[in-house]
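The values are calculated or read from the model by the stated rules, or taken from the named source; none is laboratory data. Remember, it's a predicted structure, so these values are computed and weren't measured experimentally. Methodologically, a virtual Cβ is constructed for each residue, glycine included, from the backbone with ideal geometry; neighbour enumeration extends over all protein chains shown.
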Amino acid sequence: MARGAATIAHWREPRCLGIAEVKRLCSLPDDFELTGRFADQWARLGNAVPPLLIKAVAEHVRDTIVVLPGRAEDPEAA
């Protein structure tokens with residue numbers, strides 16, 4: 001790894017995490033394929049928005065901001 005490059009250390013073992021471990025932390029499925037060099041894969045994971053995070057954000061927006069038909073304007077007023 002390049003000098004000064006960021007890495008993620010394993011919490012129990014004296015080593016850095018691998019691509020497969022970081023994919024799992026990013027909530028990507030195990031069969032999700034990253035292509036290219038190691039540095040390219042690492043960069044893509046670093047730039048990725050984890051699917052489970054965006055799902056939680058979208059559900060919050062849906063439930064608190066978007067007014068759905070048949071739903072009161074103020075959900076706490078009901």
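Looking for whichever is outside any helix (DSSP H, G or I) and either under 27 Å from His10 (Cβ atoms) or at pLDDT below 90 (or both) here; the options are Asp40, Asp31. Which one fits?
Testing whether each residue is outside any helix (DSSP H, G or I) and either under 27 Å from His10 (Cβ atoms) or at pLDDT below 90 (or both) leaves just Asp31.
Those residues that are under 15 Å from Leu53 (Cα atoms) and surrounded by 12 or more Cβ atoms within 10 Å (Cβ to Cβ), I need them from the stretch 26-37; list them, please.
Cys26, Ser27, Leu28
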